[in-house]
Amino acid sequence: MAAPYNHRAIEEKWRKHWEENPININDGKKEKYYCLDMFPYPSGNGLHVGHWRGYVISDVWSRYKLMQNYYVIHPMGWDAFGLPAENYAIKMGIHPSKSTADNVSKIKEQIQEIAAIYDWDMEVNTTDPAFYKWTQWIFVKMFEHGLAYQKEMPINWCPSCKTGLANEEVVNGKCERCGEDVTKKNLNQWMLKITSYADRLLADLDKLDWPQKVKKMQTDWIGKSHGAEVDFQIEGKTQSITVYTTRPDTLYGATFMVLAPEHALAKDLATEEQRAMVEDYIYKASLKSSVDRLQDKEKTGVFTGSYAVNPLNGAKVPIWLSDYVLADYGTGAIMCVPAHDDRDFEFAKKFDLPIIQVIAKDGKEIENMTEAYTEAAGTMINSGDWNGMESSELKLKAPEMIEEKGVGKKTTNYKLRDWVFSRQRYWGEPIPIIHCPDCGPVAVPEKDLPLLLPDVESYQPTGTGESPLADITDWVNTTCPKCGKAAKRETNTMPQWAGSSWYFLRYIDSKNDKELVSRKKADSYLPVDMYIGGVEHAVLHLLYSRFYTKFLNDIGVIDFDEPFHKLFNQGMITGKNGIKMSKSKGNVVSPDDLVRDYGCDSLRLYELFVGPPELDSEWDDRGIDGVYRFMTRFWNLVMENKDKNAQKTNELKKIQSKLVYDITNRLESFSLNTVVSGFMEYNNKLLDISKKGGVDKETLETFVRLLAPFAPHISEELWSELGNNDSVFHHGWPSYNEKDMEEDEIEIAVQMNGKTKVTVTLPKDCGKEEAIAKGKEALGEKLTGTVVREIYVPGRIINIVVK
RNA sequence: GCCCGCGUGGCGGAACAGGCAGACGCGCAGGACUUAAAAUCCUGUUGUAGUGAUACAGUACCGGUUCGAUUCCGGUCGCGGGCACCA
């Protein structure tokens, strides 16, 4: 009796073996393949089975590429700065530098349980000064190129995390991290001018092999629109108000204007009688949080008392203020066409403002309008010289026509805002700027980088809008690098996204202290070929990384302008009923016990078997038994047959080729759950054959080679049991023989009126006449009625249509 | 409100390109082995009717295209996700 499957002994043996004899070697000749995981932040809770799945998927893919003879770049690192790590530290009362280091070593141990082929020599950690030196260096370069600038403005503020947030970090008016309602706070902030890359960020999405969903989310986030800016002269003043509209075709229907309460002219426009009301409205609007602003569906507003002139027809239109107009989009002012815009319609109804239709729907004006007609479809009416034109055509031409008339210009707009980059927190990269009373903001010289984060006792956020660093006077007080006079350091830190926006560049040259990455290495090993991670970063990290990459390309650090060629988003593993795994819900499944009881190989297979990798799956521990049974049976199959010297029959030839064909196709299309079911299915077939006679060695070896990327330990062990002395990963990916898969006879279904009645076995190249005859014969007595049509699709179906 | 995706047994899920729906696995039921249990192996497992071969129904619902629809088209309902006053 051969040895039973002992996962613990086997896995321990091969882990040690791989450590001493690495299987992924860069010999300088092989083509590279860069397969990257989204690096984790070192949470104190450790890994759960959901994290595992992503890492298993990327490792399977990496090992597959390895077997296809690539030099595989498959690194891992730590996104250790930022709010989650700091909040954890505060909660536990441990200094973040210590708690993150502890968590990193804990998680690293867990990640090593996966037995992925990570190259730990490449490891990076965003909190390592040797790493963040370059995070700061990029900021300095952006500052020098005018892409990092300061601005005093009301920004999103999380009262619980006590810091400012980027637009991307506010989800439904709440803080992305802690769920607290986000308020506004007026702060002087460092901003990154991501908007100057808006067009390229949008256009280059076409180049990427990414899920449609993610591309669309980025497209929507960038939110490019085409339209016109139109100038409305203020009555009795020399100034005019510029509005942005995507519907210049409706300009004749503009019956009033609305300015955001924060608009620069808002106060000046108030007449004596209206002044008190206007100032009251502006004050109240400033107190509203973004949640209030979202939730208050009911329109509010105040009349300024002033009027403007419609530049086309000279009509006098009242100027109102309302918080439904956003101050930071377009010009912060809009022209209102209540007949053709829902929001303007609602506002006009509430404040009893005139409604003029300028598009005739189906050739006539709508009587008793109860809602706005918002489509650009119909003939123009009440529109002076535009009357009779088609609205959809006019919409496209109007911007130029307005430009010709000298009352405005054609323009585009984006929803994307510049990136609020300052955080009033301790645990981040200090922004390397010195504020000099004479020179203004001056970058810390490159020779002084990294600018170290000072080690302090008190790192709690202050909540005042000042960073905790502001209290460290010896650190704050310095001299200006330009003029040498006394100056103060910037005390805000960078957001968590700063390090993660470029870390993938650093892995391939992680110890270089002269450059961010050597150009030679960058040209050889970058960009990333396959990027695997959750979909939650669709607009945050993935947009920021693309922005950074384009900038670094522009300044010549790298020679490409998109970081990630292909993106795969794995689904989430949830607890029962689709509830997200979390410590507070008590439904976290740790991989540790499963690895102990079933082995790493079984857990790897089961992580894939639970469902399609791109979809969310509910975790159910029980299913792993099935995978473990498969492993045992396959083990027994090989052990029983390895020395049998069984003949290779035609049947076995066919099975071998079909196995390679099926597994490869499923793997290529990332249908990893069906790869595993395929292994089970073919194993069952071979067990059957084994009972009848035996399975030849080549078939067994082929199976082992295919299984290797999925279950590496057992595959290496069986590979050696089959008499091989080297690693199974050095034998390439198996190929199949088309001829061996050909069938002489094919069983096909015989239908009557499209419903299958019987099956019949036909020769491979059976002609129609013979096929129909055999089909009818097989139907026998079931064939009733008059035959009106006979359909034969070779290899697929016979269908007899009767009446 | 707008945009995107998805609805298949008791459960997770499969079905290449419009051609035998339910592969594979879990669970469950019965059997073998065992003093017994676990493990293992075998058989069955969409529903209804029938001892049975078999018949009919069936991929959220209604309709269409087709010899034939889980697959394509239109509509309805349900679930999930994204955006959310962006003019």
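The values are calculated or read from the model by the stated rules, or taken from the named source; none is laboratory data. On a predicted model such as this, the values are computed, not experimentally measured, just so you know. Cβ atoms come from the backbone with ideal geometry, glycine included; neighbour counts cover every protein chain shown. Heads up: the accessible areas ignore ligands, DNA and RNA and are worked out on the full protein's heavy atoms, side chains in. Shrake-Rupley method; radii C 1.70, N 1.55, O 1.52, S 1.80 Å.
Okay, residues lined up against (1) open to solvent by 50 Å² or more (accessible area, probe 1.4 Å); (2) among the aliphatic types (A, V, I, L, M); (3) closer than 18 Å to residue A:90 by Cα:
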site	(1), (2), (3)
A:437	yes, no, no
A:442	no, yes, no
A:446	yes, no, no
A:453	no, yes, yes
A:458	yes, no, yes
A:463	no, no, yes
A:475	no, no, no
A:482	yes, no, no
Hey, among A:375, A:346, A:393, A:371, which residue is acidic (Asp, Glu) and closer than 18 Å to residue A:302 by Cβ? A:346
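For (1) open to solvent by less than 30 Å² (accessible area, probe 1.4 Å); (2) within 16 Å of RNA strand B (Cβ to nearest atom); (3) in contact with a Phe, Trp or Tyr (Cβ under 7 Å, 6 or more places away or on another chain); (4) within 14 Å of residue A:249 (Cβ to Cβ), each residue gets a yes or a no:
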position: A:339; (1), (2), (3), (4): yes, yes, yes, yes
position: A:362; (1), (2), (3), (4): no, no, no, no
position: A:365; (1), (2), (3), (4): no, no, no, no
position: A:374; (1), (2), (3), (4): no, yes, no, yes
position: A:379; (1), (2), (3), (4): no, no, no, yes
Quick one: what pairs do we get from region A:48-70, first residue farther than 17 Å from residue A:618 by Cβ, second assigned to a helix (DSSP H, G or I), C-beta under 6 Å, 6+ apart or different chains? A:56/A:604; A:56/A:607; A:66/A:729; A:67/A:729
Region A:54-113, residues that are touching a Pro at 6+ places or on another chain (Cβ under 6 Å), charged (D, E, K, R) and modelled with pLDDT of 95 or more: A:63
Of the residues A:273, A:279, which single one is more than 12 Å from RNA strand B (Cβ to nearest atom), free of Cβ contacts under 8 Å to residues at least 40 places away in the same chain and assigned to a loop (DSSP other than H, G, I, E, B)? A:273
The conditions are (1) open to solvent by 60 Å² or more (accessible area, probe 1.4 Å); (2) more than 43 Å from the chain's Cα centre (by Cα), and residue A:621 fails exactly one of them. Which is it? (2)
Quick one: how many residues across region A:109-124 are surrounded by 16 or more Cβ atoms within 10 Å (Cβ to Cβ), of a type outside the set (Val, Ile, Thr) and in a helix (DSSP H, G or I)? 2
Please go through region A:337-353 and give me each residue that is outside any helix (DSSP H, G or I) and either in contact with a Gly (Cβ under 7 Å, 6 or more places away or on another chain) or more than 16 Å from residue A:373 (Cβ to Cβ) (or both), ordered by number. A:337, A:352, A:353
How many residues, within region A:495-541, are polar (S, T, N, Q), open to solvent by 10 Å² or more (accessible area, probe 1.4 Å) and within 29 Å of residue A:423 (Cα to Cα)? 3
Counting only residues in region A:571-589 that are more than 15 Å from RNA strand B (Cβ to nearest atom) and surrounded by 15 or more Cβ atoms within 10 Å (Cβ to Cβ), the one modelled with the lowest pLDDT is identified as A:587
When restricted to A:404, A:390, the only residue of a type in the set (Asp, Glu) and over 41 Å from the mean Cα position of the chain (by Cα) is A:404
Residue A:74 passes all but one of the listed conditions (1) free of Cβ contacts under 8 Å to residues at least 60 places away in the same chain; (2) on the phi > 0 side of the Ramachandran plot; (3) buried (at least 24 other Cβ atoms within 10 Å of the Cβ); the exception is number (2)
Name the single residue, out of those in region A:208-225 being open to solvent by less than 70 Å² (accessible area, probe 1.4 Å) and within 15 Å of residue A:167 (Cα to Cα), that is nearest to RNA strand B (Cβ to nearest atom). A:223
Among the listed residues A:127, A:100, which satisfies the condition of being more than 25 Å from residue A:603 (Cβ to Cβ), in a loop (DSSP other than H, G, I, E, B) and of a type in the set (Ser, Thr, Tyr)? A:127
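Residue by residue, here is whether (1) modelled with pLDDT under 95; (2) surrounded by fewer than 22 Cβ atoms within 10 Å (Cβ to Cβ); (3) more than 16 Å from RNA strand B (Cβ to nearest atom) holds:
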{"residue": "A:386", "(1), (2), (3)": "yes, yes, yes"}
{"residue": "A:391", "(1), (2), (3)": "yes, no, no"}
{"residue": "A:405", "(1), (2), (3)": "yes, yes, yes"}
{"residue": "A:433", "(1), (2), (3)": "no, no, yes"}
{"residue": "A:449", "(1), (2), (3)": "yes, yes, yes"}
Tell me, which residue of region A:24-50 that is surrounded by fewer than 22 Cβ atoms within 10 Å (Cβ to Cβ) and among the acidic types (Asp, Glu) is modelled with the highest pLDDT? A:31
Just for region A:179-205: of the residues that are farther than 29 Å from residue A:564 by Cα and in contact (Cβ under 8 Å) with a residue 40 or more places away in the chain, which one is most open to solvent (accessible area, probe 1.4 Å)? A:184
Search result, residues across region A:238-254 that are more than 11 Å from RNA strand B (Cβ to nearest atom), open to solvent by 10 Å² or more (accessible area, probe 1.4 Å) and in contact (Cβ under 8 Å) with a residue 60 or more places away in the chain: A:240, A:242, A:252
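Each row is one residue, and each column tells you yes or no for (1) acidic (Asp, Glu); (2) open to solvent by 20 Å² or more (accessible area, probe 1.4 Å); (3) touching a helix residue (DSSP H, G or I) at 6+ places or on another chain (Cβ under 7 Å); (4) free of Cβ contacts under 8 Å to residues at least 60 places away in the same chain.
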{"site": "A:740", "(1), (2), (3), (4)": "yes, yes, yes, no"}
{"site": "A:748", "(1), (2), (3), (4)": "no, no, no, yes"}
{"site": "A:768", "(1), (2), (3), (4)": "no, yes, no, yes"}
{"site": "A:775", "(1), (2), (3), (4)": "no, no, no, yes"}
{"site": "A:790", "(1), (2), (3), (4)": "yes, yes, yes, yes"}
Checked pairs for region A:516-532, first free of Cβ contacts under 8 Å to residues at least 40 places away in the same chain, second of a type in the set (S, T, N, Q) and assigned to a loop (DSSP other than H, G, I, E, B), C-beta under 8 Å and 6 or more apart or across chains, list as A:518/A:512
Looking at the structure I just gave you, is residue A:305 more than 10 Å from RNA strand B (Cβ to nearest atom) and surrounded by fewer than 21 Cβ atoms within 10 Å (Cβ to Cβ)? yes
For region A:158-175, give me each residue that is more than 11 Å from RNA strand B (Cβ to nearest atom) and either of a type in the set (A, V, I, L, M) or touching a residue at least 60 places away in the same chain (Cβ under 8 Å) (or both). A:159, A:161, A:162, A:163, A:164, A:165, A:166
Residue in region A:301-309 that is in contact (Cβ under 8 Å) with a residue 12 or more places away in the chain, part of a helix (DSSP H, G or I) and of a type in the set (A, V, I, L, M) present: no
How about region A:624-692: which helices (runs of 4 or more DSSP H) wholly inside it have at least 2 residues that are of a type in the set (Asp, Glu), within 11 Å of RNA strand B (Cβ to nearest atom) and over 32 Å from the mean Cα position of the chain (by Cα)? A:672-692
